[in-house]
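The values are calculated or read from the model by the stated rules, or taken from the named source; none is laboratory data. This one's a predicted model, so the numbers in the text were calculated from it and none came from an experiment. Because the Cβ atoms are built from the backbone with ideal geometry, glycine has one as well, and the counts that use them run over all protein chains shown. Accessible surface is based on the protein model in full, side chains and every heavy atom, while ligands, DNA and RNA are left aside. Shrake-Rupley method; radii C 1.70, N 1.55, O 1.52, S 1.80 Å.
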Amino acid sequence: MKFTGFVGPSYVSQSLRAADQRCVNWYVENIEVGNETFQTALYPTPGFATHETFAESPVRGMIEQNGRCFAVVGQTFYEVFKDPSTTAAVSRGTVAFDTNPATMAANVDAGDQIFITSGGQGYVYTLSTDAFALVNGSGGASLALEQCDFLDGFFLGLDADTSTLRISNLNAGQTWDDTQYAQRTAGSDPWQSMVVTHRDIWLFGKQTTEVWYNAGASPFPFAAIPGAFLEQGISAPFSAKRVGNTVMWLGGSEDGVGVVWRANGYSPERVSTHAVENSIQGYARAGISISDAVAWTYQEDGHLFYGLNFPTAKATWVFDATTQLWHERGTWDSDAVSYKAWQPQYCVYAFGKHLVGDRETGTIYEMSIEKFNDVGGVPIRRIRRTPHVASDNNWMFYNSLQLSMQTGIGLTEGDPADPTVQGSDPQVMMRWSDDGGETWGNEHWAGAGKIGEYGARAIWRRLGRGYDRVYEIIVSDPVPWRITGAYLDLTVSAGRRR
């Protein structure tokens with residue numbers, strides 16, 4: 001029979017007996033035509049190939065504008081080119097360093113400039129002349145800005161220390177009038193974060209949020225939208241990101257923290273599940289910071305992803321806005337025998353491909369679903385842990401488990417018959433828990449077919465008995481692991497477990 005729910009999201013509840021599902025480095029895709037054997041599939045998250053490596057580290061921000069790509073790596077603002085083997089990245093300027101991401105915005109059509117914030121200071125780069133300069137206010141003091149964006153010809157800068165929104169002169173990122181600013185008065189919690197979407201400026205405090213717009217006022221043109229005040233703030237200042245035609249963030253309020261919200265008009269709409277919230281709030285309960293979470297977004301094959309890296313908590317949660325489902329991503333640390341937060345953190349689409357920056361090293365990678373190694377060339381470890389298999393507390397005899405998957409996809413590099421070449425004979429590891437996910441048994445391996453062995457079957461037989469079983473499969477060979485479901489052959493005993 002079909003294994004109902006074999007393809008699914010991550011959902012680990014407070015009680016493992018309630019739900020212990022994991023989906024790590026896979027995501028769910030719905031099949032958009034009827035009458036197929038399975039209506040969902042697990043598809044592998046993308047892999048990476050090195051685009052360019054820098055002597056400095058880490059990558060702290062990236063932007064693409066009019067066919068050009070730029071990145072802040074360590075203390076340097078670089079221009080990155082399509083083919084580094086012929087044109088290496090060029091330093092365009094030096095910025096102050098801190099551990100926060102660098103933010104960037106552009107006014108290219110009108111002003112020919114990119115504005116950068118890094119280390120609490122602002123910089124402007126002119127694209128046509130390659131001029132780069134630290135920006136000061138009209139009184140001569142440097143700008144104290146943590147984040148920037150752009151709207152209606154103005155660069156916007158947020159000073160979170162003083163809860164101040166500042167603006168540049170129109171189409172002139174090098175000029176900032178000290179009198180052109182606004183400070184928060186609508187809420188008692190200072191502004192911590194800013195993002196522009198739909199020509200609205202979202203200004204987040206820790207407990208509340210307000211939305212501003214270009215009111216055409218003088219001398220300061222921006223004002224709060226009447227009624228656009230949310231009783232939800234932000235728990236991590238760099239978690240707010242534009243996602244499609246809205247904005248998402250990791251929220252907090254006077255009642256608590258750790259819920260992921262999406263704007264529905266000017267109202268917050270909860271998108272995290274209880275299981276995701278239990279994990280995130282569990283970090284906080286354990287004394288692990290969630291304020292350093294950083295969000296990233298990208299779109300591939302129609303899936304729009306919003307990811308949250310929790311570097312201190314060593315976790316990454318990803319929301320697929322297309323399917324409305326959550327999965328986990330992680331970079332496998334073989335020394336610690338555990339996942340850490342996904343190392344890619346800054347994503348841009350440039351030169352017809354996704355380029356991503358490594359939050360730990362000074363490397364920019366090309367990211368693609370057609371690549372199957374993790375950053376640094378190490379294997380990607382993928383996990384699917386299933387729903388509970390139970391039947392009214394009756395004993396169940398498990399005759400066989402078979403994956404429905406694409407087989408015969410082994411690598412052709414090297415000698416396919418050589419088992420030392422990882423991927424030439426891809427293997428699936430399966431194990432199970434007979435106590436609802438608390439403890440796990442031995443590993444059992446099955447092949448997924450060498451190259452061209454399309455009739456191969458990943459199947460396990462004579463799996464014993466249980467009354468509440470959870471299965472787990474793990475793969476790491478650098479091949480396109482695509483799973484559409486599973487079949488589970490079992491017999492239910494007439495008598496209940498006593």
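Tallying residues that are among the hydrophobic types (A, V, I, L, M, F, W, C), in a strand (DSSP E or B) and crowded, with 19+ Cβ neighbours inside 10 Å within the stretch 461-482 yields 3.
Residues of the stretch 30-38 include none that is crowded, with 19+ Cβ neighbours inside 10 Å and out of contact with any Lys or Arg (no Cβ under 7 Å at 6 or more places or on another chain). When the residues of the stretch 310-326 are narrowed to those that are closer than 17 Å to R262 by Cα, of a type outside the set (D, E, K, R) and touching a strand residue (DSSP E or B) at 6+ places or on another chain (Cβ under 7 Å), which ends up most open to solvent (accessible area, probe 1.4 Å)? Restricting to residues being closer than 17 Å to R262 by Cα, of a type outside the set (D, E, K, R) and touching a strand residue (DSSP E or B) at 6+ places or on another chain (Cβ under 7 Å), the top hit is T322.
Being without any contact (Cβ under 8 Å) to a residue 40 or more places away in the chain, touching a strand residue (DSSP E or B) at 6+ places or on another chain (Cβ under 9 Å) and open to solvent by 10 Å² or more (accessible area, probe 1.4 Å) is a property that does not hold for Q402. Looking only at the stretch 201-213, residues that are part of a strand (DSSP E or B) and either free of Cβ contacts under 8 Å to residues at least 12 places away in the same chain or open to solvent by 20 Å² or more (accessible area, probe 1.4 Å) (or both) come to 2 in all. Look at (1) on the phi > 0 side of the Ramachandran plot; (2) of a type in the set (S, T, N, Q); (3) within 26 Å of the chain's Cα centre (by Cα) and you find that T386 fails only one, number (1).
Taking the criterion of being open to solvent by 30 Å² or more (accessible area, probe 1.4 Å) and either in contact (Cβ under 8 Å) with a residue 24 or more places away in the chain or touching a strand residue (DSSP E or B) at 6+ places or on another chain (Cβ under 8 Å) (or both), the residues of the stretch 329-343 that qualify are W332, D333, S334, S338, Y339, K340.
Within the stretch 294-315, the presence of a residue that is more than 24 Å from V28 (Cβ to Cβ), in contact with a helix residue (DSSP H, G or I) (Cβ under 6 Å, 6 or more places away or on another chain) and β-branched (V, I, T) is excluded. Meeting the requirement of 2 or more residues that are more than 15 Å from R92 (Cα to Cα) and β-branched (V, I, T), the strands (runs of 3 or more DSSP E) wholly within the stretch 106-182 are 164-167.
For A236, indicate whether it is within 22 Å of S272 (Cβ to Cβ), of a type in the set (A, V, I, L, M) and not in a strand (DSSP E or B). Yes; evaluated as a whole, the condition is true for this residue. The single condition among (1) farther than 30 Å from S433 by Cα; (2) out of contact with any Asp or Glu (no Cβ under 8 Å at 6 or more places or on another chain); (3) touching a residue at least 60 places away in the same chain (Cβ under 8 Å); (4) surrounded by fewer than 20 Cβ atoms within 10 Å (Cβ to Cβ) that K2 does not meet is (1). Of all positions in the stretch 408-427, none carries a residue that is open to solvent by less than 50 Å² (accessible area, probe 1.4 Å) and part of a strand (DSSP E or B). Within the stretch 388-398, being exposed (fewer than 14 other Cβ atoms within 10 Å of the Cβ) and either farther than 18 Å from G437 by Cα or small (G, A, S) (or both) holds for one residue alone: S391. Residue-level check: of (1) surrounded by fewer than 19 Cβ atoms within 10 Å (Cβ to Cβ); (2) more than 19 Å from A160 (Cα to Cα), M248 misses just (1). The residue that is surrounded by the most Cβ atoms within 10 Å (Cβ to Cβ), counting only those in the stretch 45-91 that are under 26 Å from R329 (Cα atoms) and free of Cβ contacts under 8 Å to residues at least 60 places away in the same chain, is V72.
Taking the stretch 321-346 as the range and being touching a Ser or Thr at 6+ places or on another chain (Cβ under 6 Å) and part of a strand (DSSP E or B) as the test, the residues that pass are W326, H327, E328, R329, K340.
This table checks each residue for (1) among the small types (G, A, S); (2) open to solvent by 60 Å² or more (accessible area, probe 1.4 Å).
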residue: S138; (1), (2): yes, yes
residue: A141; (1), (2): yes, yes
residue: Q147; (1), (2): no, no
residue: F150; (1), (2): no, no
residue: S163; (1), (2): yes, no
residue: A172; (1), (2): yes, no
residue: W176; (1), (2): no, no
residue: R184; (1), (2): no, no
residue: S188; (1), (2): yes, yes
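Take the conditions (1) open to solvent by 10 Å² or more (accessible area, probe 1.4 Å); (2) closer than 24 Å to T273 by Cα; L42 misses just one of them, which is (1). Could you list, in sequence order, all residues of the stretch 355-379 that are in contact with a strand residue (DSSP E or B) (Cβ under 6 Å, 6 or more places away or on another chain) and either free of Cβ contacts under 8 Å to residues at least 24 places away in the same chain or not charged (D, E, K, R) (or both)? Hits for the stretch 355-379 are L355, V356, G357, G362, T363, I364, Y365, M367, F372, N373, V375. If you go through the stretch 284-297 one residue at a time, do you hit one that is over 15 Å from the mean Cα position of the chain (by Cα), part of a helix (DSSP H, G or I) and not hydrophobic (A, V, I, L, M, F, W, C)? For the stretch 284-297, residues over 15 Å from the mean Cα position of the chain (by Cα), part of a helix (DSSP H, G or I) and not hydrophobic (A, V, I, L, M, F, W, C): present. Looking only at residues of the stretch 5-16 that are open to solvent by less than 40 Å² (accessible area, probe 1.4 Å) and in contact with a Cys (Cβ under 9 Å, 6 or more places away or on another chain), we find that the one that is farthest from D320 (Cα to Cα) is V7. As a summary of the residue check, G376 satisfies the conditions (1) open to solvent by 30 Å² or more (accessible area, probe 1.4 Å); (2) closer than 27 Å to W432 by Cβ; (3) modelled with pLDDT of 90 or more except for the one numbered (2).
Kindly indicate whether A217 is in a loop (DSSP other than H, G, I, E, B) and open to solvent by 40 Å² or more (accessible area, probe 1.4 Å). For A217, the condition - in a loop (DSSP other than H, G, I, E, B) and open to solvent by 40 Å² or more (accessible area, probe 1.4 Å) - is met.
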